[in-house]
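Undergrad: Here it is: the structure, laid out below.
The values are calculated or read from the model by the stated rules, or taken from the named source; none is laboratory data. Predicted model only: the values in this text are computed from it and were never measured. Virtual Cβ from ideal backbone geometry, glycine too; neighbours counted across all protein chains shown.
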Amino acid sequence: MSAAKDVSVSAMAGSRWRVSEVAFWIVVLACPFLFPSRYLIMTDILRLALFTLSLDLILGYAGIVSLGHAAFFGVGAYSAGLLALHGIINEPVLALIVAGLAAMVLGFLTSFLVIRGVDLTRLMVTLGIALLLEALGERFSDITGGTDGLQGIEMQPILGQFAFDMFGKTGFWYSLIVLFVLFLLARRVVHSPFGLSLRAIKNNPLRASAIGIPVNRRLIAIYTLAAFYAGIAGALFTQTTALATLDVFSFERSADLMLVLVIGGTGYLYGGLIGAVVFKMLQEMFQEITPQYWMFWIGLVLVAMVMIGRERIHRWVLWLPNLVIRQITGRKAAVAVPETDAS
Amino acid sequence: MTTVFTILFDGVAYGMLLFVLACGLAVTLGLMNFVNLAHGAFAMAGGYVCAVLVNNQGWPFFAALPLAFFVSAAIGASLERILYRHLYTRSHLDQVLFSVGLVFMSVAMVDYIMGSSRIFIMVPSALEGQFDLFGVGIGRYRLMIVVICGLLTIALQLILSRTRFGSRLRAAVDDPRAAIGLGINVPQVFAFTFAFGCGLAGLGGALSAEILGLDPYFPLKFMIYFLIVVTVGGSSSITGPFLASLLLGIGDVAGKYYVPKMGPFVIYTIMIAILIWRPNGLFGRGAAR
């Protein structure tokens with residue numbers, strides 16, 4: 001068998017839908033019927049999941065550590081807000097795509113800065129870009145509304161059919177469909193030869209370029225795609241909450257995002273989704289204990305996760321599901337421990 | 001014309017302050033390749049120690065400064081022994097997550113203990129106001145900062161270049177493996193340097209309360225500034241970060257004076273431009289590890 005065929009067979013095998021994946025989405029679909037009164041928080045989780053998926057694409061698959069991913073989220077949020085506020089594009093789905101494209105353009109332009117240099121430089125440049133945008137937003141407060149944010153955004157019905165209601169039911173289904181479509185796309189991307197080459201780059205950029213992978217071009221491509229995803233997440237935020245404030249660019253948002261991804265696990269697509277659920281639940285819990293100081297607990301979780309070791313925690317969590325699967329199907333565990341990342 | 005000199009002077013004072021705040025971080029990054037985003041937390045600790053001593057206990061300002069140094073150094077040393085040393089070999093992602101977690105915890109803790117409002121340290125009256133020197137307005141407090149930080153910089157340079165410890169440290173920064181092979185106890189050198197750097201940050205925090213403002217969000221607000229000093233200055237010598245801090249200080253003060261509306265825009269743009277031009281910093285070595 002030739003090498004190319006070998007790769008395609010293994011890639012095809014990897015991209016097959018597993019039972020656990022189908023089960024996961026069935027559970028997601030069941031959620032609105034199980035908790036009909038909690039649409040708003042569930043929409044919040046979906047949005048966060050999409051945003052985290054975007055970070056996973058660059059951090060988990062390509063190994064780019066970003067401290068300023070909120071930049072793209074913010075651009076998407078403001079694009080969607082401005083489009084709706086000035087009535088340029090009234091149709092939400094179209095506005096969503098345009099907002100995503102705006103973030104994508106920024107992602108493409110800044111990717112050239114990000115592919116240069118080592119981890120530390122990347123951290124600085126990504127953080128710097130987010131801060132720069134925040135400063136710009138403050139400077140041009142006549143456009144962005146300054147610290148008050150954009151006010152009086154009125155969303156038109158989706159596709160002219162489904163109006164946003166006050167319980168957030170439409171917003172929820174809208175977000176869920178967007179998330180699912182983009183998830184399918186991401187799934188396709190990471191299981192393609194392109195996605196495999198990204199993993200090769202992450203594990204060892206030098207070796208990857210030695211076997212003929214155009215490292216920089218691949219990184220630019222995935223960074224741009226991730227920016228598109230983050231922009232869509234930001235636009236969803238604006239559209240479902242009718243709000244866009246300057247804190248969309250804040251460092252805390254980028255840092256929280258990393259925590260979400262790390263909770264869920266990097267380098268597999270469900271990490272972002274699971275992380276978003278766990279993070280929101282943790283946040284609710286901490287806010288109930290100490291409303292003002294929940295930052296402390298988030299910090300503690302971060303420190304504890306790193307000290308114990310992320311892989312170890314994921315092994316503990318996956319022990320029970322794996323045991324169950326082994327007992328039922330009598331084969332090797334289907335729920336994989338996410339990849340460890342190369343330092 | 002005189003305003004130019006005043007701005008220059010203020011910028012230098014600001015820059016020197018940033019240097020004292022950030023030089024510990026330069027060593028951490030250069031020696032252990034450890035991305036410590038929590039460096040500002042140690043500075044904040046020093047600032048609050050000084051504030052409590054001066055405002056509540058009635059200590060004289062100059063007596064409280066050394067204590068700010070020692071308390072921060074002690075916190076740094078104990079955290080290094082308990083937590084940091086386990087993470088030197090881990091990935092940058094882990095280090096970032098860990099130090100961001102520390103920052104969040106420190107912010108919430110200070111907020112809980114001291115309240116979220118900005119704190120002022122009562123400065124002795126001799127340091128208030130400004131005087132004219134050949135028509136250039138010179139703030140007394142800023143002059144004191146320039147003097148203290150200038151002396152510290154000279155002392156640091158002497159320690160680094162003249163003492164046995166300094167040569168060990170330089171050897172360890174240049175090539176940790178070879179240094180270990182030569183019998184230098186690199187972890188010990190590092191632990192000491194880390195504590196010393198935290199102490200300097202604490203001292204800087206105490207001095208900066210008057211100029212930068214001191215509130216629980218200090219570590220988050222100035223994190224980027226410390227990182228700029230280190231990444232732009234490079235971590236191979238003490239001169240690089242020093243010049244980078246001066247550049248940053250003068251740039252920031254001048255930017256805020258001449259184009260106040262652009263705010264921090266100027267600094268970030270300069271930083272990004274420099275990092276594109278020289279990804280390893282203005283004064284950095286060729287290849288980073």
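Undergrad: Looking only at the range B:88-105, decide whether some residue is out of contact with any Leu (no Cβ under 9 Å at 6 or more places or on another chain) and surrounded by 22 or more Cβ atoms within 10 Å (Cβ to Cβ).
TA: First, the residues of the range B:88-105 that are out of contact with any Leu (no Cβ under 9 Å at 6 or more places or on another chain): B:88-91.
Remaining after also requiring surrounded by 22 or more Cβ atoms within 10 Å (Cβ to Cβ): none.
No, the conditions are met nowhere in the range B:88-105.
Undergrad: Got at least one residue in the range B:21-36 being over 26 Å from B:Val253 (Cα atoms) and of a type in the set (Gly, Ala, Ser)?
TA: So far as the range B:21-36 goes, yes, one or more of its residues are over 26 Å from B:Val253 (Cα atoms) and of a type in the set (Gly, Ala, Ser).
Undergrad: Still on this structure: Just one of A:Leu94, A:Leu83 is surrounded by 24 or more Cβ atoms within 10 Å (Cβ to Cβ), more than 14 Å from every other protein chain (Cβ to nearest Cβ), among the hydrophobic types (A, V, I, L, M, F, W, C) and in a helix (DSSP H, G or I); which is it? Talk me through it step by step, then tell me what you get.
TA: On the way: A:Leu94 fails: surrounded by 24 or more Cβ atoms within 10 Å (Cβ to Cβ).
The conditions single out A:Leu83.
Undergrad: While we're looking at this one, here's another question. Residues that are away from chain A (no Cβ under 11 Å) and part of a loop (DSSP other than H, G, I, E, B): does the range B:61-70 have at least one? Full working, then the answer.
TA: Narrowing the range B:61-70 to residues away from chain A (no Cβ under 11 Å): B:61-70.
With the extra rule that they be part of a loop (DSSP other than H, G, I, E, B), the set shrinks to none.
No, the conditions are met nowhere in the range B:61-70.
Undergrad: So which residues in the range A:107-125 are closer than 15 Å to A:Gly231 by Cβ and in contact (Cβ under 8 Å) with a residue 12 or more places away in the chain? Lay out the reasoning, then the answer.
TA: So in the range A:107-125, the residues closer than 15 Å to A:Gly231 by Cβ come out as A:107-111.
Hits for the range A:107-125 are A:Gly107, A:Phe108, A:Thr110, A:Ser111.
Undergrad: If you scan the range A:273-293, which residues turn out to be within 14 Å of another protein chain (Cβ to nearest Cβ), part of a helix (DSSP H, G or I) and either free of Cβ contacts under 8 Å to residues at least 24 places away in the same chain or polar (S, T, N, Q) (or both)? So that I can check it myself, show each step before the final result.
TA: Going through the range A:273-293, the residues within 14 Å of another protein chain (Cβ to nearest Cβ) turn out to be A:275, A:279, A:282-283, A:286-287, A:289-293.
Now restrict to residues that are part of a helix (DSSP H, G or I): A:275, A:279, A:282-283, A:286-287, A:289.
Within the range A:273-293, A:Leu282, A:Gln283, A:Phe286, A:Gln287, A:Ile289 meet the criteria.
Undergrad: Here's something else I'd like to know. In this structure, is B:Ala108 touching a Gly at 6+ places or on another chain (Cβ under 9 Å), buried (at least 16 other Cβ atoms within 10 Å of the Cβ), within 13 Å of chain A (Cβ to nearest Cβ) and aliphatic (A, V, I, L, M)? Break it down stepwise before answering.
TA: Numbers: touching a Gly at 6+ places or on another chain (Cβ under 9 Å): yes; buried (at least 16 other Cβ atoms within 10 Å of the Cβ): yes; within 13 Å of chain A (Cβ to nearest Cβ): yes; aliphatic (A, V, I, L, M): yes.
Here the answer is yes, as B:Ala108 does meet what is asked.
Undergrad: Considering only the range A:275-283, I want to know if a residue exists there that is at positive phi and over 15 Å from the mean Cα position of the chain (by Cα). Before you say what the answer is, go through the steps one by one.
TA: We begin by selecting, within the range A:275-283, every residue at positive phi; these are none.
Scanning the range A:275-283, I find no residue that is at positive phi and over 15 Å from the mean Cα position of the chain (by Cα), so the answer is no.
Undergrad: Can you name every one of the helices (runs of 4 or more DSSP H) wholly within the range A:167-266 that holds 1 or more residues which are within 14 Å of chain B (Cβ to nearest Cβ) and of a type in the set (Asp, Glu)?
TA: Qualifying helices (runs of 4 or more DSSP H): A:251-264.
Undergrad: Still on this model: Do we have B:Leu220 as at pLDDT below 90, in contact with a Cys (Cβ under 8 Å, 6 or more places away or on another chain) and not in a loop (DSSP other than H, G, I, E, B) here?
TA: no
Undergrad: Now for a separate question. Can you tell which of B:Ile270, B:Ile228, B:Ile211, B:Ile250 is surrounded by fewer than 17 Cβ atoms within 10 Å (Cβ to Cβ), of a type in the set (Val, Ile, Thr) and not in a strand (DSSP E or B)? Steps first, answer last, please.
TA: Details: B:Ile270 fails: surrounded by fewer than 17 Cβ atoms within 10 Å (Cβ to Cβ); B:Ile228 fails: surrounded by fewer than 17 Cβ atoms within 10 Å (Cβ to Cβ); B:Ile250 fails: surrounded by fewer than 17 Cβ atoms within 10 Å (Cβ to Cβ).
Only one candidate passes the filter, namely B:Ile211.
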